[in-house]
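Notes to accompany the following structure.
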Amino acid sequence: MWKRFRYQIAMFFAVLGPGLITANVDNDAGGIFTYSQAGAKWGYLPLWTLIPITLLLIVTQEMCSRMGAVTGKGLSDLIREEFGLRTTFLVMTALVLVNYGNIVSEFAGIASSLELFGISRYLSVPVCGVAVWYLVVKGTYRSVEKIFLVSCSIYVTYIISGILVKPDWKQAVVYSVKPVLMLEPSYIAMLVAMVGTSIAPWMQFYLQAAVVEKGITAKEYVQSRVEVILGCILTDVVAFFIIVACAGAIWAHGPRDIKDAADAAVGLKPFGQYAYFLFSAGLFNASFFAACILPLSTVYTVCEGLGFESGVDKRFHEAPVFYWLYTFLIVVGAAVILIPGFDLVKMILLSQVINGVLLPFVLIFMILLINKKKLMHEWTNSRFYNFVAWTSVALMIGLTMALVALSIQDMMKT
Amino acid sequence: MADQRLFFTELLGLKVFDLKGRTLGVVKDAAIVPLLDPVRVDRFLIGSGAAWLTVRHDQVRSISLDGIHLRDEILTPYHSDEYMLRVVRDLLDQQIIDAQGRKVVRVTDVTFEIQQEDGGEVLWVLDVDIGLRAIFRRLVQGVLPPRWIRRLQGGIPPHSIRWEFCNILEPDPQRRLRLNISNRLLEGMHPADLADIVEDLTPEHREAIFENIDSEVAAEALSEVDPDIQASILESLETEKAAEIVEEMAPDQAADVLAELEQETSDEILEEMEHQPKQEVRELLEFKEDSAGGMMNTEYVALRETATVEDAIQALKSNEELMETLNTLFLVDSNDHLTGAVPLARLFLHEGATPLRSLAVDTLIDAPVTEQQDRITELFDKYNLLALPVVDEGRKLAGVITADDIISVLREK
């Protein structure tokens, strides 16, 4: 029966594209940590946030994919064409910094997940760094896409490990729809972090570019929208199971803070080798997958926005900026993990701060762009949709600003 | 100024002085009127207060980094002119096609040359600047004095495209006419390069190019484009134009493209086509895509087995359009049954009266229309073929598969 189930899941993934990949990369090492931490410390309480988060995610992702389908241009191209070079340059610089922070945390995820399997980071990180570089630079688009789709299906491991832990399903269901608000600072910080990790600037750029790359046009947009919405829902389904797994395995036996996502996997150990194994494998998969997508997405976005040659089908000397930046992001991203005593936490906090500063701009640019008749013709936002979009953006900006404040506070402390 | 060049980043914001040296305003934009002159800046748009004024090129006495001095003060208010190509609005940060470098690039800056004309100075567009040096100029423009910028940028390699190799993208056909944008540069490119460029463009620009370009060039380029994009281009075009392009394509490629389209659209296009190509394409459409029938094309030269070298030369003369790729002649008997294949080069080594029969290859390799694609590629590999004749159930010659078809198949795997 498992076999059949897995087969069907795999078939389902095969017909999906941009929305699904974006959504899955969203559950990267940082995301898994945040959800695990939420579950380990607060149990089932944070589950209610997933529905509003899904809605916010859908609103922003839908706008990006619509812009991609209608204009046939990436978000960085549109920002360049409509807001000029200086704005683009600032946005791109911030994006590189934020994404660099994310890449580092992906490599940290790779290191800690493979250490659970007894593989030293001094072996795993360089090998994975080379693999990531090689896969994208030397692989063909088709082979890479296949690997990504397989990678997407591996997220099922979280659902299975969530089930294996045998959590309290009744509580899980109740708290999924019952909002619990507390004026406890660490609880608020947790809520803010959950929103913060689920909506990141790079996703908007990546999704729109992927829609354009796939050649989806306004005509096929209706199908594409369904796919994007499905992707958003799946992201949070995975998040749900991560929280539930950690709530059932760790919180139920005594709420505590966890160190990193690998720590959460260790917490699952009493529930059998499988739960532990699946959770760790899932973490490795998510980290590796995101480590493939993030650097590539970053260089594509930057090169297109600033007008440099880009594309893996180009040779090194034809697209030097593209390849150098790509190589730099991977090498320096991976190398940092190997420096003994490097303050990773501080670096991730810093990247969250820049993330929070960049996100409002990206979202505001998106709404401004999508309302331009010249670009979107009859596909601009309706008045109601604009109301929803601006409200979501305002909410998101408020929450990210809170996250920035908390991150800065943490940075002062450390 | 020793250097007679001026960058647009320097022109923008330059002060404009009247005869008495009073400041009238600053340059907000510059416009070329391609119908009058494709390289000369025809007007400067000057912002003074809320209103914009227009300075014609013949009203300018001198242009330098220190400002523009006029020789005539009768300025007219700016009103939008559809015949103008405005640098800030239409060129800067937009994509254009670099016909010489054969790629799509984004304009970062424009380089002008200061020229003497009728006792005044005018600007000619020299280059469109892309790359790091121009990005540097844009970023520090207005922050550092222009002369410093010139000195500092020296360390960064320049990257520019000559203005005459730039093809501006404009989806609106009316405006294309007004701006005098031709497709001459694109039509001169190799179809495969044009195809690569088209793949990089947005759907509306693809449509604009295929709508206007010569059908023969369009057909050749379209054959090289990625199948998904082929379909979306044909769907976006007027049916008549689409039919014109498909007619010009080799029948096997035309059939492949039409097979990608929705049934309804492909029927409409077929309906518009002329009788002869329509028949051939219809027949090819009947075959499965991954069979010999689906891979073959019907453009080949076949002669009776009794024919001589002289006859063959005659036949080739009447099929001149096939010459670029043709490498084998086929022989058929009186029932059109395939009986032999003659490598083209052998014709040159024999007298006109030599019967073709004697020049045919020893072992004739052919395949039935139903043969699987994998098997066909095997045959090409095993026998080192350049062309493989395909025969129908009655062994009549139906078409030919050529090595370039095989390369495409292998590349897709």
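Any read-out appearing in this document is the output of simple, stated calculations on the displayed coordinates, not a laboratory observation. Quick caveat, the model's predicted, so the values are computed rather than measured. Quick reminder, even Gly has a Cβ in these numbers, built from the backbone with ideal geometry, and neighbours come from all protein chains shown.
Quick rundown of the values:
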read-out: The range A:304-322, subset surrounded by fewer than 21 Cβ atoms within 10 Å (Cβ to Cβ) and more than 12 Å from chain B (Cβ to nearest Cβ), residue farthest from A:Phe89 (Cα to Cα); value: A:Arg315
read-out: Residues of the range B:120-165 classified as without any contact (Cβ under 8 Å) to a residue 24 or more places away in the chain and of a type in the set (Gly, Ala, Ser), total; value: 2
read-out: Test for B:Leu338: is it surrounded by 12 or more Cβ atoms within 10 Å (Cβ to Cβ), in contact with a Lys or Arg (Cβ under 7 Å, 6 or more places away or on another chain) and under 25 Å from B:Ala255 (Cα atoms); value: yes
read-out: Flag for B:Val107 being touching a residue at least 40 places away in the same chain (Cβ under 8 Å), of a type in the set (Val, Ile, Thr), within 30 Å of A:Val302 (Cβ to Cβ) and touching a helix residue (DSSP H, G or I) at 6+ places or on another chain (Cβ under 7 Å); value: no
read-out: Helices (runs of 4 or more DSSP H) fully within the range A:338-414 counting 2 or more residues that are buried (at least 16 other Cβ atoms within 10 Å of the Cβ) and touching a Leu at 6+ places or on another chain (Cβ under 6 Å); value: A:344-370, A:383-413
read-out: Among (1) touching a Leu at 6+ places or on another chain (Cβ under 7 Å); (2) within 13 Å of chain A (Cβ to nearest Cβ), the one test that B:Lys103 misses; value: (1)
read-out: Qualifying residue in the range A:127-149 (condition: touching a Leu at 6+ places or on another chain (Cβ under 6 Å), assigned to a helix (DSSP H, G or I) and not aliphatic (A, V, I, L, M)); value: no
read-out: Listing of helices (runs of 4 or more DSSP H) fully contained in the range B:183-230 that carry 3 or more residues being within 14 Å of chain A (Cβ to nearest Cβ) and without any contact (Cβ under 8 Å) to a residue 60 or more places away in the chain; value: B:191-200, B:203-212
read-out: The range A:41-74, subset in a helix (DSSP H, G or I) and over 30 Å from A:Met190 (Cα atoms), residue farthest from the other protein chains (Cβ to nearest Cβ); value: A:Arg66
read-out: Subset tally (residues that are of a type outside the set (Phe, Trp, Tyr), within 26 Å of the chain's Cα centre (by Cα) and over 21 Å from B:Leu65 (Cβ atoms)) for the range B:83-118; value: 21
read-out: Some residue of the range B:72-90 being within 14 Å of chain A (Cβ to nearest Cβ) and part of a loop (DSSP other than H, G, I, E, B); value: no
read-out: Residue, nearest to B:Glu305 (Cα to Cα), within the range B:348-382, restricted to residues that are charged (D, E, K, R) and surrounded by 14 or more Cβ atoms within 10 Å (Cβ to Cβ); value: B:Arg357
read-out: Residue tally, condition under 19 Å from A:His253 (Cα atoms) and of a type in the set (Asp, Glu), over the range A:25-58; value: 0
read-out: Conditions (1) in a strand (DSSP E or B); (2) among the β-branched types (Val, Ile, Thr); (3) surrounded by 20 or more Cβ atoms within 10 Å (Cβ to Cβ): number failed by B:Thr9; value: (1)
read-out: Residues (among the aliphatic types (A, V, I, L, M), more than 14 Å from every other protein chain (Cβ to nearest Cβ) and in contact (Cβ under 8 Å) with a residue 60 or more places away in the chain) located in the range A:183-209; value: A:Ile188, A:Ala189, A:Met190, A:Leu191, A:Val192, A:Ala193, A:Met194, A:Val195, A:Ile199, A:Ala200, A:Met203, A:Leu207
read-out: Verdict on B:Asp93 being assigned to a loop (DSSP other than H, G, I, E, B) and closer than 26 Å to A:Asp77 by Cβ; value: yes
read-out: Any pair with Cβ under 8 angstrom, 6 or more apart, that starts in the range A:337-359 at a residue that is more than 15 Å from A:Tyr100 (Cα to Cα) and ends at one that is of a type in the set (D, E, K, R); value: A:Leu338/A:Arg121
read-out: The lone exception for A:Thr301 - which of (1) under 20 Å from the mean Cα position of the chain (by Cα); (2) within 14 Å of another protein chain (Cβ to nearest Cβ); (3) hydroxyl-bearing (Ser, Thr, Tyr); (4) surrounded by fewer than 24 Cβ atoms within 10 Å (Cβ to Cβ) it fails; value: (4)
read-out: Matching option when the condition is within 20 Å of the chain's Cα centre (by Cα) and within 14 Å of chain B (Cβ to nearest Cβ), among A:Val226, A:Val212, A:Val237, A:Val244; value: A:Val212
read-out: Scan of the range B:109-161 for residues that are in a loop (DSSP other than H, G, I, E, B) and either within 14 Å of chain A (Cβ to nearest Cβ) or not charged (D, E, K, R) (or both), ordered by number; value: B:Gly119, B:Ile130, B:Gly142, B:Val143, B:Pro145, B:Gly154, B:Gly155, B:Ile156, B:Pro157, B:Pro158, B:His159
read-out: All positions within the range B:47-58 that are surrounded by 18 or more Cβ atoms within 10 Å (Cβ to Cβ) and of a type outside the set (A, V, I, L, M, F, W, C); value: B:Thr54, B:His57
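Condition check ((1) buried (at least 24 other Cβ atoms within 10 Å of the Cβ); (2) in contact (Cβ under 8 Å) with a residue 40 or more places away in the chain; (3) among the hydrophobic types (A, V, I, L, M, F, W, C); (4) not in a helix (DSSP H, G or I)) across all residues:
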{"position": "A:Ala239", "(1), (2), (3), (4)": "yes, yes, yes, no"}
{"position": "A:Ile242", "(1), (2), (3), (4)": "yes, yes, yes, no"}
{"position": "A:Ala245", "(1), (2), (3), (4)": "yes, yes, yes, no"}
{"position": "A:Ala252", "(1), (2), (3), (4)": "no, yes, yes, no"}
{"position": "A:Asp257", "(1), (2), (3), (4)": "no, yes, no, yes"}
{"position": "A:Ala262", "(1), (2), (3), (4)": "yes, yes, yes, no"}
{"position": "A:Tyr274", "(1), (2), (3), (4)": "no, yes, no, no"}
{"position": "A:Phe277", "(1), (2), (3), (4)": "no, no, yes, no"}
{"position": "A:Leu283", "(1), (2), (3), (4)": "yes, yes, yes, no"}
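For (1) touching an Asp or Glu at 6+ places or on another chain (Cβ under 9 Å); (2) surrounded by fewer than 20 Cβ atoms within 10 Å (Cβ to Cβ); (3) over 27 Å from B:Thr202 (Cα atoms), each residue gets a yes or a no:
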{"position": "B:Asp18", "(1), (2), (3)": "yes, yes, yes"}
{"position": "B:Val26", "(1), (2), (3)": "no, yes, yes"}
{"position": "B:Leu45", "(1), (2), (3)": "yes, no, yes"}
{"position": "B:Asp72", "(1), (2), (3)": "yes, yes, yes"}
{"position": "B:Val87", "(1), (2), (3)": "yes, no, no"}
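Yes/no per residue for (1) touching a strand residue (DSSP E or B) at 6+ places or on another chain (Cβ under 7 Å); (2) in contact (Cβ under 8 Å) with a residue 60 or more places away in the chain; (3) under 28 Å from B:Glu170 (Cα atoms):
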| site | (1), (2), (3) |
| --- | --- |
| B:Phe8 | yes, yes, yes |
| B:Gly25 | yes, no, no |
| B:Val60 | yes, yes, no |
| B:Asp81 | no, no, yes |
